[in-house]
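> Please find one structure pasted underneath; my questions will follow.
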Amino acid sequence: MTANAEQLALRYNGYHRVSDAREDPELTHTGPGTPCGEYFRRYWLPVAMTEQIGERPIVVRVLGEELVLFRDLSGRIGLLHKHCSHRRASLEYGIVSERGIRCCYHGWLFDVDGTILEAPGEPENSPIPRKLCHGAYPARELAGLVFAWLGPPALVPEFPTFDTFSLPGVELVPYLIEYPCNWLQVAENPMDPFHSVFLHTRVTRAHFNPAWGAMPVVEWHPFEDRTGIYLTNVRRWEDFIWVRTAEVLLPAIAQPPDIYQNPDREKFFPGVGITKWTVPVDDTHCRIIAYRHFGGELDLDGKGDRSKVGLNKVDFVGQTGVERSYEEGQAMPGDYEAQISQGPITVHADERLATTDKGVAMYRRMLRQAVRDLADGKEPPQHRRGPDGQVPTMAGDVIVRVPPTNRDDIELQRVMGREIGRIVHETMDLERAARRSEIERRVRDWLGTDLRA
Ligand code: FES
Ligand SMILES: [Fe+2]
């Protein structure tokens with residue numbers, strides 16, 4: 001049923017607004033054989049925390065596929081199809097061996113690359129080990145997370161090391177959170193910084209610094225190579241203008257700047273609070289697999305707590321379904337409650353996108369184009385690397401003292417967002433310390449000339 005314009009504006013119009021609309025499968029379905037699932041398989045994805053791997057294999061569900069993850073006795077990580085190539089017993093009951101994993105049913109032994117090392121019930125000259133490899137994916141560990149390449153083996157790209165993985169004095173603390181809803185409604189959240197004003201501040205009480213409650217001036221900018229979007233998110237707080245730059249990289253990577261940032265003094269790009277991937281489990285479940293960043297010049301008020309970061313936990317409120325009761329979630333909802341309550345798979349046809357949703361709409365458009373391009377045979381670009389081989393990123397905070405004047409302050413925030421966004425973008429290829437001093441120098445120069453005008 002579709003309500004007409006008159007019915008939409010009618011009071012007590014529930015009857016007219018009953019909807020039988022369905023989700024958008026092109027963007028939300030990621031199982032085997034789907035265009036978006038195939039697209040996700042063109043990027044290295046985190047699949048688990050290394051701490052989840054014990055003496056026995058674990059089942060990992062990702063992109064609608066069931067896999068087993070284990071560490072063999074020589075220390076190598078294996079990520080294999082769950083069902084044995086022989087007669088499909090699950091390798092979650094397999095015996096982890098010196099080299100690979102042995103199926104419990106008839107003892108076939110599989111190496112981490114899928115090589116069939118032994119098929120002990122078969123004759124010695126059996127052609128099976130020569131002719132068949134078990135389904136396996138390349139996997140590697142980094143700072144407490146396991147990443148996998150689930151795409152065509154001929155296309156495996158170099159692992160993307162972000163410029164935020166090795167900042168001096170900054171520690172990466174891994175975490176993983178299960179969401180019982182579709183991946184897209186979780187991944188698109190960072191394109192919408194306005195929810196911080198309401199969900200995180202005004203509607204409940206401040207989850208973070210009270211400055212989040214100031215309405216920001218936000219603009220979104222696609223990267224030239226269409227690998228993502230960066231946004232500038234600008235607020236006034238007392239005598240300071242606080243410019244946050246952040247980005248979403250395709251398919252579903254985001255870096256919120258310092259989540260406990262306090263705009264109480266000038267700062268020039270101290271780093272990010274989180275690097276996170278939203279990974280589809282199946283069409284109605286996903287995981288955030290991420291690093292919290294601690295140390296350096298982050299969280300100067302000491303509000304974060306690394307002991308609260310890990311498997312199904314993170315050190316800010318309203319992020320998981322296990323830490324609080326339903327009633328507590330109702331009393332002070334967070335991202336978790338807002339996002340899972342959009343439904344198992346949000347139905348875009350029943351939304352009313354408004355002015356604050358420009359970034360969400362831009363992200364969906366870019367994603368749809370990338371999914372279609374791949375379906376048409378055009379491989380998506382990997383994230384751009386800088387001269388040092390790392391993927392340069394945009395997320396950070398620039399806070400400058402600019403007391404209010406007679407000048408239109410919203411316009412000032414808009415102009416500052418554009419200029420500082422441009423400076424952060426143009427300095428992307430500099431080494432981090434040089435980039436920070438260059439950002440400070442250029443911002444101060446610009447303020448000196450522009451604000452005198
Ligand atoms: S089912 Fe695995 S060895 Fe037979
Ligand atoms: Fe949020």
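The values are calculated or read from the model by the stated rules, or taken from the named source; none is laboratory data. Keep in mind that this is a model prediction, so the values were computed, not measured. A quick note on method: Cβ atoms are made from the backbone with ideal geometry, for glycine too, and the neighbour counts reach across all protein chains shown. SASA here: full protein model, heavy atoms, side chains in, ligands and nucleic acids out. Shrake-Rupley method; radii C 1.70, N 1.55, O 1.52, S 1.80 Å.
> Using a cut-off of 13 Å between beta-carbons, work out the net charge of the residues near Asp409 (Lys and Arg +1, Asp and Glu -1, Asp409 not included).
Working: positive: Arg235, Arg236, Arg407, Arg414; negative: Glu238, Asp239, Asp408, Glu411.
In short, 0.
> Any idea of the accessible area per residue across the chain, 1.4 Å probe, to the nearest Å²?
45
> On to the next question. Which value, in debye to the nearest 20, gives the size of the charge dipole of the chain about its Cα centre, when Lys and Arg are +1 and Asp and Glu are -1 at the Cβ?
For the chain, the charge dipole is close to 160 debye.
> Using the Cβ atoms and a cut-off under 12 Å, what net charge is assigned to the surroundings of Pro216, where Lys and Arg are +1 and Asp and Glu are -1?
Local charge sum for Pro216: +2.
> Quick one: with all protein chains in place, what share of the accessible area of segment 44-155 is carbon or sulfur, to the nearest percent (1.4 Å probe)?
Carbon and sulfur together cover 50 percent of it.
> Greater than 28 Å separation of Cα atoms is the criterion. Which listed pairs, Lys82/Lys308; Lys82/Lys131; Lys308/Lys358; Lys131/Lys378, meet it?
From the list (Lys82/Lys308; Lys82/Lys131; Lys308/Lys358; Lys131/Lys378), the Cα-Cα distance tops 28 Å for Lys82/Lys308; Lys308/Lys358; Lys131/Lys378.
> Then there is this: May I ask which residue of Tyr175, Ala89, Ala3 lies farthest towards the positive end of the charge dipole of the chain, with charges of +1 (Lys, Arg) and -1 (Asp, Glu) on Cβ and the Cα centre as origin?
Ala3
> For the chain, give me the percentage of DSSP beta bridges that are antiparallel, rounded to the nearest 5 percent.
That works out to approximately 95 percent antiparallel.
> In the chain, if the dipole is taken from +1 on Lys/Arg beta carbons and -1 on Asp/Glu beta carbons about the Cα centre, which of Leu45, Gly135, Thr115 is farthest to the positive end?
Most positive-ward Cα: Leu45.
> Can you pull out the cysteines in the chain that have no other Cys Cβ under 4.7 Å?
Unpaired cysteines in the chain: Cys36, Cys104, Cys133, Cys181, Cys286.
> Under the rule of at least 5 residues apart or a separate chain, name every residue whose amide H is placed under 5 Å from the amide H of Ala136.
Result for Ala136 returns His81.
> State to the nearest 20 debye the size of the charge dipole of segment 345-445 about its Cα centre, where the only charges are +1 on K and R beta carbons and -1 on D and E beta carbons. Please report the intermediate quantities before stating the final value.
On the way: 20 positive and 18 negative charges, 10 e Å.
Dipole of segment 345-445, to the nearest 20 debye: 40 debye.
> By how many degrees, 0 to 90 and rounded to 10, does the Cα axis of helix 358-375 deviate from the longest principal axis of the chain?
Result, in degrees: 30.
> Mind checking which lysines have their C-alpha under 19 Å from Lys267, skipping anything on the same chain fewer than 8 residues away?
Lys303
> Suppose only helical runs count, i.e. DSSP H with n ≥ 4. What mean residue ellipticity at 222 nm does that imply for the chain under -39500 (n - 2.57) per run, divided by all residues and rounded to the nearest 500 deg cm²/dmol?
When only DSSP H runs of four or more count, the value is -6000 deg cm²/dmol.
> Here's another thing I want to ask about it. Whenever you get a sec, compute what percent of the accessible area on segment 364-428 sits on carbon and sulfur atoms (1.4 Å probe).
Working: 1510 of 3170 Å².
That share works out to 47 percent.
> Check which residues have an amide H placed less than 5 Å from Ile274's amide H, if you skip close sequence neighbours.
His293
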